[in-house]
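A quick write-up on the structure given underneath.
The values are calculated or read from the model by the stated rules, or taken from the named source; none is laboratory data. Bear in mind the structure is a predicted one, so any value in this text is a computation, not a measurement. Reconstructed Cβ throughout: ideal geometry from the backbone, glycine too, with neighbour counts over all protein chains shown. The accessibility values were calculated without ligands, DNA or RNA, using every heavy atom of the protein model including side chains. Shrake-Rupley method; radii C 1.70, N 1.55, O 1.52, S 1.80 Å.
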Amino acid sequence: MWLLDKFLGNVIREGQLVVTDHDGKTYEYGNAVEGSPPLHIRLTHPKAANHIARYPQMGAGEAFMWGWLVVEEPHDIRDLLLFVTANSKRIGDSAIQEQGFLKKAAEKVASAIDGINLRASARKNAEHTYNLTRELYERFLDEDRQYTMAYYREDPENTSLEKAQMDKKAHLASKLYLKHGECEGMRVLDIGCGWGGFGLYLHEMYGVEVLGVALAPDQIKFCNERAEAAGVADKVKFELLDYRDVTGQFDRISSVGLLEHVGTIHYPQFFEKTHELLANDGVMISHCCGRAGPPGRTDAWTRKYIFPGGYIPALSELVKESEKAGFQVMDVEAMRFHYSHTLEEWYNRTVMHREEITRMYDEVFYRMWLFYLAGAEQSFRNGGMVNWQLQYVKDRAAIPMTREYMHHESARLRDVGTVPTWRFDPALKEAAE
């Protein structure tokens with residue numbers, strides 16, 4: 001316990017944390033704040049304190065999953081993670097990532113190896129992340145199953161997740177520079193198409209033909225079910241296909257939440273391939289999680305349990321490699337804090353459906369999912385994570401001189417106000433009829 005005691009003693013200054021070890025001994029950190037009850041945690045296993053202290057990110061996650069770390073009511077794991085990281089901000093990330101030189105070096109090498117996503121491993125990694133039961137994602141995502149950042153244009157406290165996700169799609173679509181009523185025959189490639197919502201949205205709003213590709217079989221199956229149910233399967237098609245195997249040429253390319261899974265070693269290949277696929281007067285947009293600072297590495301817990309092969313890029317990594325491939329970056333937007341609000345809502349919806357999720361899986365999985373969502377939220381709220389939206393072209397003449405077209409088009413899309421049938425699960429639609 002002495003190592004964890006030292007760590008918490010250095011970090012906790014604002015608010016109060018009370019830790020009860022497995023032997024009943026109690027430790028207090030920080031100072032009580034009037035009107036804010038202390039946060040109490042219990043360590044239930046003799047190895048818990050050492051496991052957490054030796055590598056806080058991996059150790060804390062596993063201790064919570066295994067029931068070695070229990071957060072006492074009225075607080076929960078989200079409260080604990082936000083509390084600790086809010087305190088650690090004043091002394092930097094080293095407070096959480098304190099390790100020896102050799103351990104850091106080994107972690108860096110392991111992270112680099114994990115980022116090698118050859119075709120076989122890329123599919124395996126995608127299935128690990130996205131081939132969980134449909135019912136799980138139905139419990140915490142919006143009805144369109146957008147598993148990326150929502151866009152909160154207004155007060156997050158008074159904006160539903162559903163509205164924020166619709167606003168995200170409008171915001172992204174506006175950056176593709178598609179002209180309403182003038183898109184007949186245009187082709188859009190949606191790389192990493194998720195559950196099909198953005199591709200179907202683009203067809204609904206512009207009439208474009210869409211090809212969506214992804215590597216999780218059940219996602220593609222669900223996408224095609226939605227396209228069939230909406231009667232647009234001849235115009236919006238989804239294939240279980242690696243983007244590296246796509247052929248043809250496209251007027252527009254979108255990748256939303258994809259680059260986090262590509263791996264830095266494959267960035268040159270990604271940009272070279274998309275440059276090949278994009279028409280000379282085309283536009284590509286990319287939306288991904290990102291680092292507001294320099295390049296880093298994926299923590300071991302996330303690599304092991306949530307996103308094997310995943311890495312969140314720094315802006316410098318994206319711009320450097322895209323320029324080498326021949327792209328010109330025409331627009332960059334840093335989306336700050338939007339994802340923290342999105343993750344908070346996903347966390348709350350997961351808690352709301354605890355009984356169903358534990359029936360689908362078990363308590364360990366449920367706690368793992370809570371730790372993932374809460375940990376991700378703190379990195380976007382208290383850490384250095386943002387979302388990057390980048391617009392790429394081959395020819396600068398492909399878009400107008402100013403960004404005004406984006407503002408006008410996103411406003412037009414928001415005013416359309418339609419609720420397309422494809423936003424709903426085909427099974428639910430069939431049951432309703």
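Go through (1) open to solvent by 10 Å² or more (accessible area, probe 1.4 Å); (2) modelled with pLDDT of 95 or more; (3) under 30 Å from Thr402 (Cβ atoms) for Glu184 and report which single condition fails.
(2)
Per-residue answers, yes or no, for (1) in contact with an Asp or Glu (Cβ under 6 Å, 6 or more places away or on another chain); (2) closer than 16 Å to Ile312 by Cα:
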{"position": "Gly326", "(1), (2)": "no, no"}
{"position": "Val332", "(1), (2)": "no, no"}
{"position": "Ser340", "(1), (2)": "yes, yes"}
{"position": "Arg349", "(1), (2)": "no, no"}
{"position": "Glu356", "(1), (2)": "no, no"}
{"position": "Tyr366", "(1), (2)": "no, no"}
{"position": "Gly384", "(1), (2)": "no, yes"}
{"position": "Leu390", "(1), (2)": "no, yes"}
{"position": "Ala397", "(1), (2)": "no, no"}
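Looking at segment 397-414, I want the residues that are of a type in the set (D, E, K, R) and have a partner that is open to solvent by 70 Å² or more (accessible area, probe 1.4 Å) with Cβ atoms under 9 Å, at least 6 apart or on another chain. Which pairs are those?
These pairs meet every condition: Glu409/Lys179; Glu409/His180; Arg412/His180; Arg414/Arg153.
Among the residues of segment 210-222, which ones are of a type in the set (Asp, Glu) and buried (at least 21 other Cβ atoms within 10 Å of the Cβ)? Step through it out loud before you land on a result.
Applying the first criterion (of a type in the set (Asp, Glu)) to segment 210-222 yields 218.
Passing the criteria: none in range.
Out of all the residues in segment 193-204, is one or more at positive phi and crowded, with 23+ Cβ neighbours inside 10 Å?
yes
Evaluate the following for Ala214: is it over 24 Å from the mean Cα position of the chain (by Cα) and of a type in the set (Gly, Ala, Ser)? Let's see the steps before the verdict.
Details: over 24 Å from the mean Cα position of the chain (by Cα): no; of a type in the set (Gly, Ala, Ser): yes.
So Ala214 does not fit the description; no.
Give the residues of segment 141-181 that are at positive phi and either open to solvent by less than 30 Å² (accessible area, probe 1.4 Å) or of a type in the set (Phe, Trp, Tyr) (or both), sorted by residue number. Break it down into steps so the answer makes sense when it comes.
To start, the set of residues in segment 141-181 that are at positive phi comprises 145, 177, 181.
Scanning segment 141-181 gives Arg145, Tyr177.
Taking into account only those residues within segment 78-109 that are of a type in the set (Lys, Arg) and within 24 Å of the chain's Cα centre (by Cα), which is modelled with the lowest pLDDT?
Of the residues in segment 78-109, the ones of a type in the set (Lys, Arg) are 78, 89-90, 103-104, 108.
Still in the running and within 24 Å of the chain's Cα centre (by Cα): 78, 89, 108.
Details: Arg78: 98, Lys89: 83, Lys108: 50.
Checking each candidate, the answer is Lys108.
Pick out the one residue from Glu184, Glu162 that is within 13 Å of Asp251 (Cα to Cα) and of a type in the set (Asp, Glu).
Values: Glu162 fails: within 13 Å of Asp251 (Cα to Cα).
Just a single option satisfies the conditions, and that option is Glu184.
Please indicate, with yes or no, whether at least one residue in segment 413-430 is touching a Phe, Trp or Tyr at 6+ places or on another chain (Cβ under 7 Å) and either outside any helix (DSSP H, G or I) or modelled with pLDDT of 95 or more (or both). Even if it seems obvious, please write down each step before you answer.
If we filter segment 413-430 for residues that are touching a Phe, Trp or Tyr at 6+ places or on another chain (Cβ under 7 Å), which is where we start, we get none.
Taking every residue of segment 413-430 in turn, none turns out to be touching a Phe, Trp or Tyr at 6+ places or on another chain (Cβ under 7 Å) and either outside any helix (DSSP H, G or I) or modelled with pLDDT of 95 or more (or both).
Return the residues of segment 143-176 that are part of a loop (DSSP other than H, G, I, E, B) and either within 30 Å of Arg396 (Cβ to Cβ) or in contact with a strand residue (DSSP E or B) (Cβ under 9 Å, 6 or more places away or on another chain) (or both); say none if nothing qualifies. Steps first, please.
Of the residues in segment 143-176, the ones part of a loop (DSSP other than H, G, I, E, B) are 143-155, 159-160, 175-176.
Hits for segment 143-176 are Gln146, Thr148, Met149, Tyr151, Arg153, Lys175, Leu176.
Within segment 245-271, work out how many residues are modelled with pLDDT of 95 or more, open to solvent by 30 Å² or more (accessible area, probe 1.4 Å) and out of contact with any Asp or Glu (no Cβ under 9 Å at 6 or more places or on another chain).
Adding up the residues that qualify gives 4.
Take Tyr366 and tell me if it is touching a residue at least 24 places away in the same chain (Cβ under 8 Å) and either in contact with a Cys (Cβ under 6 Å, 6 or more places away or on another chain) or among the hydroxyl-bearing types (Ser, Thr, Tyr) (or both).
No.
Look through Glu317, Glu323 and report the one residue that is surrounded by fewer than 20 Cβ atoms within 10 Å (Cβ to Cβ) and touching a Pro at 6+ places or on another chain (Cβ under 6 Å).
Values: Glu323 fails: touching a Pro at 6+ places or on another chain (Cβ under 6 Å).
Every option except Glu317 fails the conditions.
Collect the residues in segment 302-311 that are open to solvent by 40 Å² or more (accessible area, probe 1.4 Å) and not in a helix (DSSP H, G or I), keeping them in residue-number order.
Listed by number, the list holds a single entry, Phe307.
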